[in-house]
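> Before I ask anything, let me first share the structure, which is written out below as structure tokens.
The values are calculated or read from the model by the stated rules, or taken from the named source; none is laboratory data. Keep in mind that what you see is a predicted model, and the values were worked out from it rather than measured. Please note: Cβ atoms are built from the backbone with ideal geometry, for glycine as well, and neighbour counts cover all protein chains shown. Side chains included, ligands, DNA and RNA excluded: accessible areas come from the protein's heavy atoms. Shrake-Rupley method; radii C 1.70, N 1.55, O 1.52, S 1.80 Å.
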Amino acid sequence: MISVEEALERILAEITPLTTTQVPLPEALGHVLAEDVIAQEDIPPFANSAMDGFALLSQDSQPHDGQPPLLHITGGVAAGYVADQAVKPGTTMRIMTGAPVPPGADAVIQVELTRSDSPESEWVEILEAVAPGNNIRPAGEDMRRGQTVLLRGTEIGPWEIGILATLGWASIAVTRRPRVAILGTGDEVIDVHESLRPGKIRNSNSYLLEAAVRRAGAEPQRLGVAHDTVESLREKFTEAIQSDLIITSGGVSVGDFDLVKNIMTEQGEIHFWRINMRPGKPVAFGHIGKVPLLGLPGNPVSAAVTFELFGRPVIRKMLGHSRLLRQQVDVVVQDGVSDRAMRRHYVRAHVKWHNGHFIAHTTGNQGSHIMTSLLNANALIIVPEGGTELHPGDTAKAIMLDWPEV
Ligand code: AMP
Ligand code: MG
């Protein structure tokens, strides 16, 4: 049995980012940049006004004998146009926010600090002295031509899309989304629309995993449920090997019908199949042909937790993310954890910030078949291996499931 850390390291060592594809900018949301984004232009591309006001020579704003200077308005420049003349000493031009600063001018004074008889007036009084550069946004102040603005591996959100649009990237190279085949196993497992019959349970894992896979950024494909026969599994796997990753649930422990391991040996290889953790000891990792296979446990809570710990980082690595793992924080475990496990225990909990601490409340019965222990859980408290008991008020590390990866 290997540790969670060793398992994760060995799994990730086998995973490489997928190929690159070009997507139109509006479709790039949620994808991962497959190339560095280097500015090809200065942004702003030209020095422009930060205010509606008057472009002038800053030295012309100095009062004369305590009197505000009076400048001759020779014209105006609106956003989207360029001035047809230069600003000369003793003159000024009206200017709008975003309009290029006319040649000659080295400052803009906002309209509120000036006085004119009327909007059409040819003369304006300058009520305050301004320094060179006042209200001017210089070319390249934000981004410089040649500057690396975004790094490959960055997830594209609305703000990155804004930057890319600014730089004129109408389409962008991103890493392709992995196609993930999801396969349930077990003669007892029936589909969600079927009525329960004696001995049968509904397939929750495939639906839960489909949603979790999609949330991780991949394209899930549910392949239904294989019966507990080698033939049935073989047939499902012929379809599954079209994908980038296969995720199964059930059929990987030590029972007579735990056939996923057999198929892995027959059609590929098993790298390992047990991890020192709870819930979820029977996690198998290997390959079917060249396709990585993550065999998750059948118990729904185990499947959910092991997907978070192993499946999600795998998908993120395939997606080219530079940040693979969830953040951990120290939490005060309000109600303690008394059921002692020799294996590393991931206890579902709700964590919130309270009076200067993160405090955690466990979500009740932690059996790996108790699906309701997932409800309201936004964190996994890590109880170290070796039978550690957490008393109420003890501090422990928790993995934050609703914080972004680091
Ligand atoms: P196994 O690892 O196949 O022995 O399954 C362990 C437990 O998980 C058993 O109680 C199964 O009935 C249950 N189980 C297996 N697959 C599913 C599934 N797709 N949905 C819900 N429960 C499952
Ligand atoms: Mg089974």
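> Percent of accessible area on segment 122-268 owned by carbon and sulfur, 1.4 Å probe?
50
> Let me ask something else about it. Tell me, what are the semi-axes, in whole angstrom and largest first, of the equivalent ellipsoid of segment 247-406 as set by the roots of 5 times the Cα gyration tensor eigenvalues?
30, 18, 12
> Still on this model: In debye, nearest 20: dipole of the chain around its Cα centre with unit charges on the Cβ of K, R (+) and D, E (-)?
It works out to roughly 1540 debye.
> Taking the mean number of other Cβ atoms within 10 Å as a proxy for protection, how do you rank 191-203, 325-337 from highest to lowest?
325-337, 191-203
> With every protein chain present, what is the per residue accessible area of segment 1-106 (1.4 Å probe, Å²)?
51
> Ok, one more. For segment 83-213, state the semi-axes of the equivalent ellipsoid (square roots of 5 times the eigenvalues of the alpha-carbon gyration tensor), sorted largest first and rounded to whole angstrom.
66, 19, 11
> Given a 1.4 angstrom probe, what's the average accessible area per residue across segment 108-203, in square angstrom?
Normalised by residue count, the accessible surface of segment 108-203 is 58 Å².
> Now for a separate question. Just the number, please: carbon plus sulfur as a percent of the accessible area of segment 1-71, 1.4 Å probe, no ligands or DNA/RNA counted.
C and S atoms contribute 53 percent here.
> Now for a different question. Mind checking which of Ser118, Ser204, Ser61 has the largest fluctuation in a GNM of the chain, springs on alpha carbons under 10 Å?
Ser118
> Could you work out the helix-only [θ] at 222 nm for the chain, with each DSSP H run of four or more residues adding -39,500 (n - 2.57) and the total divided by the number of residues, to the nearest 500 deg cm²/dmol?
-4500 deg cm²/dmol
> Moving on to the next point. Show me, for segment 57-69, the HN-Hα J-couplings you get by feeding each phi into the Karplus relation (A = 6.51, B = -1.76, C = 1.60, θ = phi - 60°), rounded to Hz, glycine and proline as x.
Computed from phi, the couplings for segment 57-69 are 8, 4, 5, 6, 8, 5, x, 9, 6, x, 9, x, x Hz.
> Show me, for segment 323-336, the HN-Hα J-couplings you get by feeding each phi into the Karplus relation (A = 6.51, B = -1.76, C = 1.60, θ = phi - 60°), rounded to Hz, glycine and proline as x.
Using θ = phi - 60°, the values come out as 10, 9, 10, 5, 6, 10, 9, 7, 10, 8, 7, 4, 9, x Hz.
> Taking only protein heavy atoms into account and a 1.4 Å probe, give the accessible area per residue of segment 307-406 in Å².
46
> If the elastic network links every pair of Cα atoms under 10 Å, which of Leu164, Leu245, Leu71 fluctuates the most in the Gaussian network model of the chain?
Most flexible of the set in this elastic network: Leu71.
> If you take the square roots of the eigenvalues of the alpha-carbon gyration tensor of segment 332-387 and sort them as a ≥ b ≥ c, do you get rounded (a/c under 1.5), prolate (a/b over b/c) or oblate?
oblate
> Report the net charge of residues surrounding Ala360, where surrounding means a beta-carbon distance below 11 angstrom and charges are Lys +1, Arg +1, Asp -1, Glu -1.
0
> Right, here's the next one. Please find, in a Gaussian network model of the chain (springs between Cα atoms separated by less than 10 Å), the residue of Val291, Val225, Val108 whose mean-square fluctuation is greatest.
Maximum fluctuation in the GNM of the chain, among the listed residues, is at Val108.
> Sequence-distant or interchain residues sharing an amide H contact under 5 Å with Ile38, placed H: which?
Val149
> Out of all DSSP beta bridges in the chain, what portion is antiparallel? Express it as a percent rounded to 5.
Within the chain, antiparallel bridges account for around 65 percent of the total.
> Can I ask one more? Provide the net charge surrounding Pro313, with neighbours chosen by a C-beta distance below 11 Å and charges set as Lys +1, Arg +1, Asp -1, Glu -1.
With Lys, Arg at +1 and Asp, Glu at -1, the neighbours total +2.
> Can you tally the net charge around Gly386? Count Lys and Arg as +1, Asp and Glu as -1, for every other residue whose Cβ sits under 12 Å from the Cβ of Gly386.
Spelling it out: positives minus negatives among the neighbours equals +1.
> Okay, next question. Roughly what percent of Cα-Cα pairs across segment 211-278 reach past 19 Å?
Here the long-distance tail beyond 19 Å is 38 percent of all Cα pairs in segment 211-278.
> To continue, here is another question. Taking θ as phi - 60°, what are the ³J(HN,Hα) couplings along segment 135-146 by the Karplus curve (6.51, -1.76, 1.60), each to the nearest whole Hz, with x for Gly and Pro?
6, 10, 8, x, 4, x, 5, 8, 9, 9, 3, x
> Within the chain, what is the number of lysine pairs with alpha carbons under 21 Å apart, leaving out pairs fewer than eight places apart on the same chain?
Going through the chain pair by pair, I get 8.
> Something else: Once neighbouring chains are kept in place and the probe is 1.4 Å, which whole percent of the accessible area of segment 346-400 is contributed by carbon and sulfur?
The computed percentage sits at 57.
> Just to check, using Stokes-Einstein with a Kirkwood Rh over alpha carbon pairs, what's the diffusion coefficient of the chain at 20 °C and 1.002 mPa s in µm²/s?
It comes out at roughly 83 µm²/s.
> Would segment 253-302 count as rounded, prolate or oblate if I go by the C-alpha gyration tensor, calling it rounded below 1.5 in a/c and otherwise prolate when a/b exceeds b/c, oblate otherwise?
Cα axes put segment 253-302 in the prolate bin.
> Non-local amide H neighbours of His31 (under 5 Å, H modeled in plane, Pro and chain starts lacking H): which ones?
For His31, whose amide H was placed from the backbone, the distant partners under 5 Å are Ile156.
> Can you list residues from other chains, or at least 5 along the same chain, whose modelled amide H is less than 5 Å from the amide H of His271?
Phe285, Gly286, His287
> Once the whole set of protein chains is in place, how much accessible area is left on Met96, using a 1.4 Å probe, in Å² to the nearest 10?
Solvent-accessible area, nearest 10 Å²: 80 Å².
> Mind grabbing the accessible area of Thr185 for me, 1.4 Å probe, Å², rounded to tens?
20
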